[in-house]
1. Among the residues of the stretch 107-123, is there at least one that is part of a strand (DSSP E or B), open to solvent by less than 50 Å² (accessible area, probe 1.4 Å) and at pLDDT 90 or above?
2. Go through the stretch 56-69 and report how many residues are open to solvent by less than 30 Å² (accessible area, probe 1.4 Å) and at pLDDT below 90.
3. Look at D75 and say whether it is in contact (Cβ under 8 Å) with a residue 12 or more places away in the chain and either open to solvent by less than 30 Å² (accessible area, probe 1.4 Å) or not polar (S, T, N, Q) (or both).
4. Quickly run through the stretch 57-81 and pick out the residues that are assigned to a loop (DSSP other than H, G, I, E, B) and not hydrophobic (A, V, I, L, M, F, W, C).
5. Could you tell me how many of the residues in the stretch 47-69 are touching a Ser or Thr at 6+ places or on another chain (Cβ under 9 Å) and closer than 19 Å to S100 by Cβ?
6. Which one of the conditions (1) among the hydroxyl-bearing types (S, T, Y); (2) modelled with pLDDT under 80; (3) closer than 29 Å to Y148 by Cα does T46 fail to meet, given that it meets all the rest?
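The values are calculated or read from the model by the stated rules, or taken from the named source; none is laboratory data. Just so it is clear, the structure is predicted and the values come from calculations on it, not from any experiment. Methodologically, a virtual Cβ is constructed for each residue, glycine included, from the backbone with ideal geometry; neighbour enumeration extends over all protein chains shown. These accessible areas exclude ligands, DNA and RNA; they are computed on the full protein's heavy atoms, side chains included. Shrake-Rupley method; radii C 1.70, N 1.55, O 1.52, S 1.80 Å.
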Amino acid sequence: MWFFDRHWGYQVELVAPADESVETLTPYFTWETVPGASFYQIQVDTSDSFGDLLVDQTVDVPTYTSLDTFENDTDLFWRVRAFHRPNSGSVTGGYGGPWSEVREFQMAWSSKVGTDDKRPLQLTPPDNANYIGRPLFCWTPVVGANKYQ
């Protein structure tokens, strides 16, 4: 009697977000294509032990953008692994490769990033204006903002 384990050992190379980067908008996760990969599994967590997953998704392409937003001022960790499905007609199963390296990034949506001032610019009413009626408040939009106060 013969026994053997089948191992499909291609490890994914992560591209972005970079390790220890600061992301100001919803991150766009990318990694190198693995030859023969049928699908990929991506995980995102607040811990590098991946015990309480924020994201645990399988995708057919080497990219992922979360539909959920991540908390501001939070350290996050991510990793990916590739799967090979030997029977292309099957939608389940397959051989999983090893996890990629673990990368860390931080969500830090801010009104000022580097030298770019991202605060809204007040358009109306003009400074020191005196209105008897209801003033109209207008400002320039800020990319990534979903509400203003």
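1. Taking every residue of the stretch 107-123 in turn, none turns out to be part of a strand (DSSP E or B), open to solvent by less than 50 Å² (accessible area, probe 1.4 Å) and at pLDDT 90 or above.
2. Pass one, the stretch 56-69, residues open to solvent by less than 30 Å² (accessible area, probe 1.4 Å): 59, 66.
Keeping just the survivors that are at pLDDT below 90 gives 66.
The qualifying residues number 1.
3. Values: in contact (Cβ under 8 Å) with a residue 12 or more places away in the chain: yes; either open to solvent by less than 30 Å² (accessible area, probe 1.4 Å) or not polar (S, T, N, Q) (or both): yes.
Spelling it out, D75 is indeed in contact (Cβ under 8 Å) with a residue 12 or more places away in the chain and either open to solvent by less than 30 Å² (accessible area, probe 1.4 Å) or not polar (S, T, N, Q) (or both).
4. Of everything in the stretch 57-81, those that are assigned to a loop (DSSP other than H, G, I, E, B) and not hydrophobic (A, V, I, L, M, F, W, C) turn out to be D60, P62, S66, D68, T69, E71, N72, D73.
5. 10
6. All conditions are met except number (2).
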